[in-house]
Structures are given as structure tokens and as C-alpha cells.
1. Applying the selection to segment 1-41, what residues are assigned to a loop (DSSP other than H, G, I, E, B), surrounded by 12 or more Cβ atoms within 10 Å (Cβ to Cβ) and at pLDDT below 75?
2. If you scan segment 126-150, which residues turn out to be touching a residue at least 24 places away in the same chain (Cβ under 8 Å) and part of a strand (DSSP E or B)?
3. Is it the case that ILE63 is at pLDDT 75 or above and closer than 27 Å to VAL146 by Cα?
4. Consider segment 96-133. How many of its residues are modelled with pLDDT of 90 or more and open to solvent by 60 Å² or more (accessible area, probe 1.4 Å)?
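The values are calculated or read from the model by the stated rules, or taken from the named source; none is laboratory data. In this text the structure is predicted, and so the values were computed from the model without any measurement. In this analysis, Cβ positions are derived from the backbone assuming ideal geometry, glycine residues included, and neighbour counts consider all displayed protein chains. These area figures cover heavy atoms from the full protein model, side chains too; ligands, DNA and RNA do not enter into them. Shrake-Rupley method; radii C 1.70, N 1.55, O 1.52, S 1.80 Å.
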Amino acid sequence: WWKSLRISELSELGTATRTWYLTYAAWNGLFRVNRSGDHNVPFGGMRRKVTVDLDHLLEWQSILRTVDLRCDDFEEVIDSAVSGDFIVVDPPYFGQFSNYCANGFSQGSHVRLARALNRATRRGVKWMAFNSPEAENMYRRLKNSVVKIIDSRTLIDRHLGNSGSKEELFVTNY
């Protein structure tokens, strides 16, 4: 039922509630849309039973009142950050499936992201980013970047017999 609701027909509260529910209930906590803008992640199964803890929601409500949430192009968001801000960047990984949004995330998008992070560094904005090892050369060229390849544990593909271990790029500018 929640999945069939159209965002264009909902209030801001309804949109936020639907997004929260679908992200919480979806497989691996993933939120992805198809080209039509519809949520297209399967539900997490019986193990992902959604329960609502009112105290928890009220705590999050209090926290979220102190932050600025925006739905804009990533470049605009990064370019609006000022010294003292901290950004976490976790784009669709370079060289892998990238159609998590209606227009996808192309190699050109990765280049735009790298340029925006360089501009942010020049303004004194701290950031951390995650990506696939294939993006290592791009991130090594960024100003003040510290690039590490880490062993990342994941639940994705475990049902296919994979170990759940993979290499991942972890990059900071601090």
C-alpha cells in the first residue's frame, strides 16, 4: 500500500513518512527509484518487520529540526556548504550499477562530484566519501585527499553464497 502512493499526491509529512517507511522496510535499507520516479526496491521479507517506536520517532523529530534537509542536485548541495560543515558522500559506485535515480549516475556525474568536493575543500568544508576501488585515481587527485582501501562487510549478495567481504574506497580531506 505505501509503495503505491504517489509522492505528487502527498503532503510534505506524507512524503516524509512514505520515504521513511519504504527505506526502513526495503531490502537492506536501500532506497532507489526507477525512471518513472517510483520506488523499486523489494521489501526485506519477514525479517524486516516494521514497528514504530513513538519515543524513537520523537527523538528523531527533535534532531531533524536542527538540520537542513534538501532535495537538490548533489553539486548544488556541496557548493552551498561552508567552512565548519561536514559532508558525507556515498554515491552509486564508479563502474558499477548506478541507476538508483531516474537519470542514473554517469561517469560525468562522478567527475562533477570530484570537482565539487575540491571546491568544498578550498572553502574549508570537511568531507568523507565512499566508492569502489575503481574510483581511486580520481579521488587521489583531489586536494588534501586521504585515500584508503578498506575491507567492507556487507549483507548484499550473501544469499548468492558470497562471503560478504569486499574492498571499498574510503576517502577524507582531513
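1. Residues satisfying the conditions are LEU5, LEU30, PHE31, ARG32, ASN34, GLY37, ASP38, ASN40, VAL41.
2. Within segment 126-150, LYS126, TRP127, MET128, ALA129, PHE130, ASN131, VAL146, VAL147 meet the criteria.
3. So ILE63 fails the test.
4. So the count comes out to 6.
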